[in-house]
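The values are calculated or read from the model by the stated rules, or taken from the named source; none is laboratory data. Note that this is a predicted model, so its numbers are computed, not measured. For neighbour counting, all protein chains shown are included, and Cβ atoms are generated from backbone atoms with ideal geometry for every residue, glycine included. Calculation scope for accessible area: heavy atoms of the full protein, side chains included, ligands and nucleic acids excluded. Shrake-Rupley method; radii C 1.70, N 1.55, O 1.52, S 1.80 Å.
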Amino acid sequence: MKSLLLTASLLAIVGSSCFQSEPPAKVAAPTSLSAKGIGKRVSGLAGVDLSGNKVTAPGTGAKATVVALSSVTCPLCQKFGPTLAALEDSYSKKGVKFVFVNPSTTESGGEMSQLVKQLGLNGPYVHDPKGTWTLKLGAKTTTETFVLDQDGNVLYRGAIDDQYAIGAALPKPKNRYLADALDAVLASKPVKVSTTSAPGCVLNDAPMATNEDIPTFHAKIQHIVQRSCMPCHRPGGVGPFSLDGYEAVKSRAKMLEFVMDGGIMPPWFAKKGSGPWRNDMSLPDADKAALNAWIAGGMPKGDAKDAPASTSYASGWTIGKPDVSFELPEPVNVKESGVMPYANINVPTNFTEDQWVEKIEVLPGDKRAVHHILVFVKSAQGANEGRLQRLVGADAIEEISGFFGIYVPGNSALVYPKGLAKRIPKGAVLRFQIHYTPYGKATTDLSKVGFVFAKEPPKSEVHTASLVNLRFAIPPGDPNFKVDAQLKVPIDVQLLSFLPHMHVRAKAAKYELTAGGQTTSLLDVPRYDFNWQLNYVLKSPLNIKAGDSLKFTAWYDNSDKNPANPDPSKTVRWGAQTFDEMHLGYVEYIIPGEKPGEGGAGLRRGPGGGGVGGGAGGGAGAQIETTFKRLDRNSDGFLTQDEAGVLWNRIKDGDTNGDGKVTLDEVRKLFGGGRGRSQ
């Protein structure tokens, strides 16, 4: 369904940053300094602050003046807010004056006053809806800062630091551009890095004159915005600001143009030609052309009689009132800024019998703080299979076996066609894996999941499995490291959807099918974005025959050119946290002719077998054997460190003779003895 955001909550997620002019803060070449305005004298910077007091820059008697752009609704401004406030507190004591300038035409004085109070800003805060300050400074984005000397000459312009960028957030900045510039100015030294790009919401340029051939807002643009943006960008929606009227859209027109042309919004990354997809959120080329023409043509309003009828949107649950919902047992504290590790929280269902679910929805408690949520189902049996968990780790077990529910901003529900349902075993435990993204204000979160039960027994059970590689090692500095996993399908299945899941170093992904000697692409994601854990749902199930091969490939950028990379000098292996990596190609599928709930076959196991990554079923012993065989690439009956990868540290104690390899029996003995049993 096309219910998403032209500008959306890329915004509400970490590193989802705003709509940026450059992904990271980027240093300008020395030859371009004059063109960037460095050394230019800026005059006529005057206005009034929120209290009506006159404000001018540079400040009288100040050793230097910082003019910092600001916005109440731009998520990157929110993320940088605490850092900017701390810089003001520190450098104002050294004779530096700070002036904050908000160029928005839609944000209110009350909202701005609340932001000033929240951050504890002391310098004057100027509302500049006519763009007087921004035009004189030549400002480009809402997070840009300028350092002026006593005569008004620009000595630095650009980012505060490089902690946040589009799709990226670091635990702490690597470069503190504004602080370094101020230190140099106060020491009467040249500013070493005098200009960078500032990641933030792109500011509008002066509009061009209109003519009769330009589409108007009411006749064309409002229809597009209502269809593709307002499901998120509306009062009460997950978007950080509303696009529910002409002024709101006009004020962010250049930002809309940037994210649309850059492929950032709407959040849909499948290459054209694949699918077709039931939940395709891409913007048609005709709509893109209309938006570009409207913006270039001066954004005419048109006749209100041509506006679309108003649309109502569901508040709260979009799947209707759930039959049952489960909330986190206690609030999770989300810190003000920086990054946080995944939160993994178990919630018991206490179901006394199996339940069949046809609708699943995950709702975050604080939409601004939640980046994404994966909900896994741990069966009562699976929770006690300690040997397998010790082998590959509890986190890996649940990750590999497949998601049950999922949330990303604007996409919180899984709704299956009539006759299809997922099973929750009796006594199951729900495991919430939550990625929180601090947004400039400490908060708490109480997320929850709701289920609508099938009204009659399903005809087919929806399974989730993964194509996974656990043994990769991404070399330091490698900009294009390839990892793949291949599976020969043991039985006939019908594929329903694909969900690639990696972390911040991932750059691209692809699913392929080899059948009858021919290889075809099922899903190609040439620009993978960790901020959007999208599930690509096929319009119709895809038939896969026994003996066909599925392949999932992902590419990773572990270089210093990746702004989200926590440490380019590190060899990266499988791990649960975002500074580690994963390689998971999830698929949802059904098995034609299977009796729902019988659990006797799966994508990773033939009839009667058991295995990791194929849903419920299979004892720990059988799953250990399956995992061992999958890792044993040359089928020689031994696992080496190269084959086991990240798992070697868990099984190396089984190498009692010190020959650098272990057998299946040695692994079994190491994790509890016995051969286990298949079910």
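Summed over the stretch 137-173, the residues that are in a loop (DSSP other than H, G, I, E, B), under 22 Å from A64 (Cα atoms) and not charged (D, E, K, R) give a count of 8. Annotation note: of L470, L542, L499, the sole residue that is over 18 Å from the mean Cα position of the chain (by Cα) and either modelled with pLDDT of 95 or more or under 29 Å from K595 (Cβ atoms) (or both) is L542. Scanning the stretch 258-281 turns up one or more residues that are touching a Lys or Arg at 6+ places or on another chain (Cβ under 7 Å), open to solvent by 60 Å² or more (accessible area, probe 1.4 Å) and either closer than 25 Å to T142 by Cα or not β-branched (V, I, T) (or both). Exactly one residue out of S104, S188 is in contact (Cβ under 8 Å) with a residue 12 or more places away in the chain and either among the polar types (S, T, N, Q) or farther than 28 Å from H372 by Cβ (or both): that is S104. The residues listed here are F472, F579, F552; of these, the one that is in a strand (DSSP E or B) and closer than 25 Å to Y342 by Cβ is F552. The residues listed here are G585, G593; of these, the one that is open to solvent by 40 Å² or more (accessible area, probe 1.4 Å), within 22 Å of S549 (Cα to Cα) and at pLDDT 85 or above is G593. Identify all residues within the stretch 404-423 that are modelled with pLDDT under 90 and assigned to a loop (DSSP other than H, G, I, E, B); write none if there are none. Across the stretch 404-423, the qualifying residues are P409, G410, S412. From the list S549, S497, S540, the lone residue that is surrounded by 15 or more Cβ atoms within 10 Å (Cβ to Cβ) and hydroxyl-bearing (S, T, Y) is S497. Of all the criteria given as (1) part of a strand (DSSP E or B); (2) free of Cβ contacts under 8 Å to residues at least 60 places away in the same chain, the one not satisfied by Y511 is (2). Evaluation of D244 against the conditions (1) assigned to a loop (DSSP other than H, G, I, E, B); (2) under 23 Å from the mean Cα position of the chain (by Cα) shows that the sole unmet condition is (2).
When the stretch 620-654 is filtered for residues that are in contact with a Lys or Arg (Cβ under 6 Å, 6 or more places away or on another chain), modelled with pLDDT under 70 and within 16 Å of F472 (Cβ to Cβ), the ones remaining, listed by number, are G645, V646.
Would you confirm, using the coordinates I've provided, whether P458 is modelled with pLDDT of 90 or more, assigned to a loop (DSSP other than H, G, I, E, B) and surrounded by 20 or more Cβ atoms within 10 Å (Cβ to Cβ)? Criteria met by P458. The one condition from (1) crowded, with 19+ Cβ neighbours inside 10 Å; (2) under 26 Å from the mean Cα position of the chain (by Cα); (3) over 30 Å from K539 (Cβ atoms) that W294 does not meet is (2).
Residue check: V504 meets all listed conditions (1) touching a residue at least 24 places away in the same chain (Cβ under 8 Å); (2) assigned to a loop (DSSP other than H, G, I, E, B); (3) surrounded by fewer than 23 Cβ atoms within 10 Å (Cβ to Cβ) but one, namely (3). For the stretch 657-677, enumerate the residues that are modelled with pLDDT under 80 and in contact with a strand residue (DSSP E or B) (Cβ under 9 Å, 6 or more places away or on another chain). If the condition is that a residue be modelled with pLDDT under 80 and in contact with a strand residue (DSSP E or B) (Cβ under 9 Å, 6 or more places away or on another chain), then V667, L670 are the ones that fit.
Scan the stretch 424-455 for residues that are among the hydrophobic types (A, V, I, L, M, F, W, C) and in a strand (DSSP E or B) and the total you get is 9. If you go through the stretch 520-539 and pick out every residue that is in contact (Cβ under 8 Å) with a residue 12 or more places away in the chain and out of contact with any Phe, Trp or Tyr (no Cβ under 9 Å at 6 or more places or on another chain), you end up with 2. Scanning the stretch 34-68 for residues being surrounded by 16 or more Cβ atoms within 10 Å (Cβ to Cβ), hydrophobic (A, V, I, L, M, F, W, C) and over 30 Å from L170 (Cα atoms) gives a total of 6.
In the stretch 411-445, how many are of a type in the set (F, W, Y) and within 13 Å of K367 (Cα to Cα)? Outline the logic, then answer.
Filtering the stretch 411-445 down to residues of a type in the set (F, W, Y) leaves 416, 432, 436, 439.
This time we only want the ones that are within 13 Å of K367 (Cα to Cα), so: 436, 439.
Selection size over the stretch 411-445: 2.
Just the residues that are of a type outside the set (D, E, K, R), open to solvent by 30 Å² or more (accessible area, probe 1.4 Å) and closer than 21 Å to A86 by Cα, please, taken from the stretch 178-190. Spell out how you get there, then give the answer.
Residues of the stretch 178-190 of a type outside the set (D, E, K, R): 178-179, 181-182, 184-188, 190.
If we keep only those that are open to solvent by 30 Å² or more (accessible area, probe 1.4 Å) too, we end up with 186-188, 190.
Within the stretch 178-190, L186, A187 qualify.
Cβ separations smaller than 7 Å between residues 6+ apart or across chains give the following pairs from the stretch 627-649 residues that are small (G, A, S) to residues that are modelled with pLDDT under 75: A644/L631. The listed residues are P199, P129, P171, and the only one of them that is surrounded by fewer than 16 Cβ atoms within 10 Å (Cβ to Cβ) and closer than 30 Å to M340 by Cα turns out to be P171. Step by step: first the residues of the stretch 74-101, then only those that are out of contact with any helix residue (DSSP H, G or I) (no Cβ under 9 Å at 6 or more places or on another chain) and either surrounded by fewer than 17 Cβ atoms within 10 Å (Cβ to Cβ) or among the small types (G, A, S) (or both), then the one that is farthest from K140 (Cα to Cα). Which residue is that? Of everything passing the filter in the stretch 74-101, K93 is farthest from K140 (Cα to Cα). Out of curiosity, is S71 surrounded by fewer than 21 Cβ atoms within 10 Å (Cβ to Cβ), under 30 Å from P341 (Cβ atoms) and at pLDDT 90 or above? Spelling it out, it is not the case that S71 is surrounded by fewer than 21 Cβ atoms within 10 Å (Cβ to Cβ), under 30 Å from P341 (Cβ atoms) and at pLDDT 90 or above.
Filtering the stretch 514-536 to residues that are buried (at least 20 other Cβ atoms within 10 Å of the Cβ) and part of a strand (DSSP E or B) leaves L522, L523, V525, Y536.
If the condition is being closer than 16 Å to P479 by Cβ, among the aliphatic types (A, V, I, L, M) and in a loop (DSSP other than H, G, I, E, B), then the stretch 557-576 contributes only A564. Taking residues in the stretch 203-218 that are modelled with pLDDT under 85, and partners anywhere that are open to solvent by 80 Å² or more (accessible area, probe 1.4 Å) and of a type in the set (A, V, I, L, M, F, W, C), the pairs with Cβ atoms closer than 9 Å and at least 6 places apart or on different chains are A206/L135. For the stretch 316-338, the criterion of being touching a helix residue (DSSP H, G or I) at 6+ places or on another chain (Cβ under 6 Å), more than 25 Å from R431 (Cβ to Cβ) and open to solvent by less than 70 Å² (accessible area, probe 1.4 Å) is met by at least one residue.
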